[in-house]
1. How far is it, in nm, from the label point at L48 to the one at A35 when both lie 7 Å from their Cα along the line to the Cβ?
2. Mind ranking 16-29, 65-78 by how tightly packed they are, going by the mean number of other C-beta atoms within 10 angstrom, highest first?
3. Looking at region 24-81, send over the antiparallel percent of its DSSP beta bridges, to the nearest 5.
4. For L73, what charge total do you get from the other residues with a beta carbon under 14 Å from its beta carbon, if Lys and Arg give +1 and Asp and Glu give -1?
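Nothing in this text is a laboratory measurement; each read-out follows from the coordinates by a stated rule. Computed from a prediction, not measured in an experiment: that's the story for all the values here. Cβ: placed from backbone, ideal geometry, glycine included. Neighbour counts: every protein chain shown.
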Amino acid sequence: MSIETHFLLRKDQPGLRDLDDVLLLGPAVAMTGEAIAAGTEGTVVGVLSGGLAYLVEFPQPMGAMAMVTADMLSLARASAR
């Protein structure tokens, strides 16, 4: 399945989607162990378990990635897809 087909299939699903900008509602820990403060904006780069959790990339600390549950995120800006 191509990437384009994958995005088209998920386009109408409820919840956050890949490339949505999100706001972290509580503190999180990056995969490298660094703290990410509540209120930090990031970008969804992966939807896990049908939207129960998300892989989010944050700009601070630089390039930090964290798995965050859906209840810890709020949509800041929807992706243009």
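1. Taking the simple label geometry, L48 and A35 are separated by 2.2 nm.
2. Numbers: 16-29: 17.0, 65-78: 15.2.
Ranking, from highest mean packing down: 16-29, 65-78.
3. On the way: 14 of 14 bridges.
Counting only bridges with both partners in region 24-81, antiparallel ones make up about 100 percent.
4. Working: positive: R17, R77; negative: D18, D20, D21, E41, E57, D71.
Residues close to L73 contribute a combined charge of -4.
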